[in-house]
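Novice: Just passing along the structure, written as C-alpha cells.
No lab work stands behind these numbers, since they all come straight from the coordinates. All values reported here derive from a predicted model rather than from experimental measurement. Don't worry about glycine lacking a Cβ; one is built from the backbone with ideal geometry, like all the others, and counts go over all protein chains shown.
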Amino acid sequence: MSPLCRRYLWAMGIDVWVRRAAPREAGGAPDPGGRAGEADGDPMGLEAMRRTVAVCTKCELHRGRTQTVFGVGDPHAEWLVIGEAPGAEEDRQGEPFVGRAGQLLNAMLAALGLRRESVYIANILKCRPPQNRDPRPEEVASCEPYLMRQIALVAPKVILAVGRIAGQNLLKTTTPIGRLRGRVFEYGEARCPLIVTYHPAYLLRSPREKHKAWQDLLLAKKVYRERYR
Ligand code: SF4
C-alpha cells in the first residue's frame, strides 16, 4: 500500500493493517501504488471505497440522504467530470448528473466526442445537502478525502470542474466562476489540467451562457490534444 493510500485511509478513520514487505531483489520493480495498487487488492480501490462511502457518517448530511452518490463511469477514464453535490433526483437514483442537467451534461460530453460511459463523473459531496443548499466548509472537508482518492485512482488526463462549487473547492479559492472559466489550471502533484465551466443546471436556467460553456469545452479539448496527442 502506498503512503498516499495510507494517508487517505487514516483521513477516513479506517484502521490500517500493514503486512511486512518481503525483501525485494535488487533491481526489482518498485511498488507502483495508486491504480496498480487497486489491482493488487488495495483495500481502497474504487469499489471498496464505494462501500465505505455508502455507510459514511462523517458529516451531518448522512442523516437526510436516501443513499450516497459515489460516482459513475470508466474507472480508468481520461476525462474526469466533477460537480457539486447530489440533487433530489441523484439522491433517489444514486447516480450523479441525472435528470435534465444530466442530459445536458451528456450533450456537452457528446460535443467533445465523448460518451458518458467513457468518462468518470463524481461530485465534491457524496450526500445531498437539504434543499440543495451550498455545501458547508466542514462538509467539504469531511468528504474531500474520498474525492481525492477517486482522482488518484482514476488518474485522469483532464479534469472538468462543472459549476462554482466544484471549481472553487478544487482550486481552494473564492474567485467567482466567471473569472475561473476560460483558463487552464493544474491540479495536484500530477499537475492534471483542470478547466472550470458552468454547471448544466445553471445553463438550463441561463441558456444564453451556453456559448461560454462551449468555449470552455473547446479549451479543454485543445489542452487534451496538445498534451496527449
Ligand atoms: S457527505 Fe461525504 S463525509 Fe458527509 S456523510 Fe456523506 S459521504 Fe460522509
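Novice: Based on the Cα gyration tensor of the stretch 89-229, what are the three equivalent ellipsoid semi-axes, each the root of five times an eigenvalue, rounded to whole Å and given largest first?
Specialist: 21, 19, 16
Novice: Also: Positive end of the dipole of the stretch 36-131, charges at C-beta (+1 Lys, Arg; -1 Asp, Glu), about the Cα centre: which of CYS127, ASN106, VAL72 has its Cα farthest in that direction?
Specialist: Looking along the dipole axis, the top candidate is CYS127.
Novice: Once the piece of chain linking GLU60 and LYS172 is laid out straight, how much longer is it, given 0.36 nm per residue of separation minus the C-alpha distance between them?
Specialist: So the extension gain works out to 38.1 nm.
Novice: Output ³J(HN,Hα) for the stretch 91-104: one whole-Hz value per residue in order, computed from phi by the Karplus curve 6.51 cos²θ - 1.76 cosθ + 1.60 with θ = phi - 60°, and x for Gly and Pro.
Specialist: 4, 6, 8, x, 9, x, 6, 10, x, 5, 5, x, 5, 5
Novice: Under 22 Å from the Cα of LYS58, which lysines turn up, not counting those fewer than eight places away in the same chain?
Specialist: LYS126, LYS172
Novice: What's the local net charge at TYR202, with K and R +1, D and E -1, over the other residues with C-beta under 15 Å away?
Specialist: +3
Novice: Go through the stretch 137-229 and name the GluC sites (Glu not before Pro) that are in a DSSP coil and have 13 or fewer other Cβ atoms within 10 Å of their Cβ. Mind dumping the intermediate values first?
Specialist: Numbers: sites: GLU138, GLU139, GLU186, GLU189, GLU209, GLU226; in loops: GLU189.
Passing sites in the stretch 137-229 are GLU189.
Novice: To continue, here is another question. Write out the trypsin sites (Lys or Arg not before Pro) in the stretch 91-150 meeting two conditions: DSSP loop, and at most 15 other Cβ atoms within 10 Å of their Cβ.
Specialist: Here the trypsin sites (Lys or Arg not before Pro) that fit, given the DSSP loop and packing criteria, are ARG115, ARG133.
Novice: How charged is the neighbourhood of ARG65? Take every other residue with its Cβ under 11 Å from the Cβ of ARG65, and add Lys/Arg as +1 and Asp/Glu as -1.
Specialist: Overall, the nearby charge balance is +1.
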